[in-house]
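Right, one structure below, let's go through it.
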Amino acid sequence: MRGEQCPTIDLALRQSSFGDEATPSGKTGDDDETRGEISAAWKLFSPIKNRYDVESERAELNSIEEAIAELEKDIRFQLKRAVKEHRLAMGKLLVAEKGIAQAKENCRITENQLRQQLATTTDILDAGTALSRAKNDYKNARYDLQAAIARIEIMTEGFSI
């Protein structure tokens, strides 16, 4: 039982003395008066109201705890997703680096073939276009990697790991 639900009891004691001093009428006397009073108060509907208030507060607390748990779940999901995006971006970067190396080698081979008159200028242009595309893929992969790193940093800002 909470404090608001308990009954209140008041005790008052009062004593008055009359006639200890002379009065204007000249009478003297000992007229003592003692009064005692006890009062009790019980809030009849307060326990019901307080019980519902406590239940309401518990329901609100449960709702807040559920919201926190859902938020934690969402943050964990987003962090896992950011880590997966980071891994994917790292893989794309490695593939793009290999693509540049292969495109450079293709350009070198095509230039040698052109010197030997085994390739045409169209083949050289195609090899140059492939190299440009590979460099563009590499830059996009670097951008994706930096974006993934930034997402992880933003999500873990303020947390010590």
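The values are calculated or read from the model by the stated rules, or taken from the named source; none is laboratory data. A quick note: this is a predicted structure, and the numbers were derived from the prediction, not measured. Every residue, glycine among them, receives a Cβ derived from its backbone with ideal geometry; neighbour counts consider all protein chains shown. To get the accessible areas, we keep the full protein, side chains included, count just its heavy atoms, and leave off ligands, DNA and RNA. Shrake-Rupley method; radii C 1.70, N 1.55, O 1.52, S 1.80 Å.
Condition check ((1) of a type in the set (Ser, Thr, Tyr); (2) in contact with a Phe, Trp or Tyr (Cβ under 9 Å, 6 or more places away or on another chain); (3) open to solvent by less than 80 Å² (accessible area, probe 1.4 Å)) across all residues:
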position	(1), (2), (3)
Leu94	no, no, no
Ile100	no, yes, yes
Asn106	no, no, yes
Thr129	yes, no, yes
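What do you reckon, is Leu79 open to solvent by less than 70 Å² (accessible area, probe 1.4 Å), in contact with a His (Cβ under 8 Å, 6 or more places away or on another chain) and either assigned to a helix (DSSP H, G or I) or within 21 Å of Thr156 (Cβ to Cβ) (or both)?
Against the criterion (open to solvent by less than 70 Å² (accessible area, probe 1.4 Å), in contact with a His (Cβ under 8 Å, 6 or more places away or on another chain) and either assigned to a helix (DSSP H, G or I) or within 21 Å of Thr156 (Cβ to Cβ) (or both)), Leu79 does not qualify.
Based on what the data block shows, is Gln117 at positive phi, out of contact with any Asp or Glu (no Cβ under 7 Å at 6 or more places or on another chain) and open to solvent by 80 Å² or more (accessible area, probe 1.4 Å)?
yes
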